[in-house]
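Note sheet for the following structure.
The values are calculated or read from the model by the stated rules, or taken from the named source; none is laboratory data. What you are looking at is a predicted structure, and each value in this text was computed from that prediction instead of being measured. Glycine also receives a Cβ, built like all others from the backbone with ideal geometry; neighbour counts cover every protein chain displayed. Protein only, heavy atoms only, side chains kept; ligands, DNA and RNA dropped before computing areas. Shrake-Rupley method; radii C 1.70, N 1.55, O 1.52, S 1.80 Å.
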Amino acid sequence: MNWKRFLLGVMTIATVSGIAAKPKEVKRPDSYYFMRGIEAAQDGNTQDALEYLNKELSEHPDNGYAHFWIGSLRYGNDEYGRALTSLDAAIKKIPKKDPEYLSGVYYVRAKTYAALEDTAKCLADMASAIKIYPDDADYKAIIALDQGSVMGYMGLGRNANAQKRWEDAIKQFDYVAKLYNDYSSAYSFRAE
């Protein structure tokens with residue numbers, strides 16, 4: 001697992017889905033150690049990020065957002081047990097009126113269960129993430145997480161095709177063919 005790529009994906013999803021933008025009714029933390037932890041994480045310095053976020057929790061143990069970031073970093077480092085512990089705490093402590101973040105916690109926990117090959121728990125958490133914040137469950141999120149994956153682009157192309165927006169569909173299938181010139185489905189869907 002490339003944790004830098006994962007973290008970049010989480011930050012992209014955060015920006016795309018609105019996690020980075022605070023809803024007016026939700027007060028998200030802005031304390032020194034929390035903000036420094038996020039900055040270190042964005043710079044790819046996991047060890048410093050974990051140190052800052054753990055200091056944040058020593059001062060503010062109910063900061064579910066810090067638990068989320070720690071869980072995400074632990075997942076990115078293949079520390080699945082520690083990731084689950086932090087993500088479980090995040091689910092309990094992040095306000096229910098903050099669906100963007102709460103959905104993100106379930107999503108990362110689902111990815112952790114997938115890494116542990118626990119399909120039932122993975123699917124249950126994916127379903128929870130979608131139920132809490134359905135706007136985040138689309139092909140654009142897949143693309144933001146993994147720009148090299150064909151699944152998101154193929155999904156956008158199939159949706160455009162079903163909506164009779166053929167130019168958009170062809171554009172998506174052409175891009176898939178550029179990503180992987182031996183991916184036959186791109187050619188067959190484009191021909192359709």
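Report yes if some residue within the range 86-97 is open to solvent by less than 30 Å² (accessible area, probe 1.4 Å) and assigned to a loop (DSSP other than H, G, I, E, B); otherwise report no. The answer is yes; a qualifying residue exists. Scanning the range 34-44 for residues that are surrounded by fewer than 16 Cβ atoms within 10 Å (Cβ to Cβ) and either of a type in the set (A, V, I, L, M) or at pLDDT 95 or above (or both) gives a single hit, MET35.
Filter the range 1-33 down to residues that are at pLDDT below 90 and either closer than 23 Å to ALA114 by Cβ or part of a helix (DSSP H, G or I) (or both), then give me how many there are. Count: 18. Filter the range 156-173 for residues that are of a type outside the set (Val, Ile, Thr), more than 25 Å from the chain's Cα centre (by Cα) and either in a helix (DSSP H, G or I) or under 15 Å from ALA191 (Cβ atoms) (or both) and give the result. If the condition is that a residue be of a type outside the set (Val, Ile, Thr), more than 25 Å from the chain's Cα centre (by Cα) and either in a helix (DSSP H, G or I) or under 15 Å from ALA191 (Cβ atoms) (or both), then ASN161, ALA162, TRP166, GLU167, ASP168, ALA169, LYS171 are the ones that fit. Residues that are outside any helix (DSSP H, G or I) and among the charged types (D, E, K, R) within the range 34-58 comprise just one, ASP43.
Which of the residues belonging to the range 58-85 are open to solvent by 30 Å² or more (accessible area, probe 1.4 Å) and among the polar types (S, T, N, Q)? Result: SER58, ASN77, THR85.
Among the candidates ALA162, ALA169, the residue that is at pLDDT 80 or above and surrounded by 15 or more Cβ atoms within 10 Å (Cβ to Cβ) is uniquely ALA169. Out of curiosity, is VAL105 modelled with pLDDT under 95, touching a Phe, Trp or Tyr at 6+ places or on another chain (Cβ under 9 Å), under 24 Å from LYS131 (Cα atoms) and part of a loop (DSSP other than H, G, I, E, B)? The answer is no for VAL105. Each residue in the range 174-188 was checked for being among the acidic types (Asp, Glu), within 17 Å of ILE143 (Cα to Cα) and in a loop (DSSP other than H, G, I, E, B), and 0 pass.
Every condition in (1) within 30 Å of ALA177 (Cα to Cα); (2) open to solvent by less than 50 Å² (accessible area, probe 1.4 Å) is met by TYR113 except one, and the failing one is (1).
Pairs under 6 Å by beta carbon, first residue over 14 Å from SER86 (Cα atoms) and touching a residue at least 12 places away in the same chain (Cβ under 8 Å) in the range 45-63, partner surrounded by 13 or more Cβ atoms within 10 Å (Cβ to Cβ) and of a type outside the set (A, V, I, L, M), six or more apart or different chains? So the pair list comes out as ALA49/GLY37; TYR52/TYR33; TYR52/ARG36; TYR52/GLY37; LYS55/TYR33. Looking at (1) at pLDDT 95 or above; (2) farther than 25 Å from LYS96 by Cα; (3) surrounded by 14 or more Cβ atoms within 10 Å (Cβ to Cβ), which is the only condition GLN47 fails? Failed condition: (3). Within the range 174-188, being open to solvent by less than 60 Å² (accessible area, probe 1.4 Å) and either under 23 Å from the mean Cα position of the chain (by Cα) or modelled with pLDDT of 85 or more (or both) holds for ASP174, VAL176, ALA177, LEU179.
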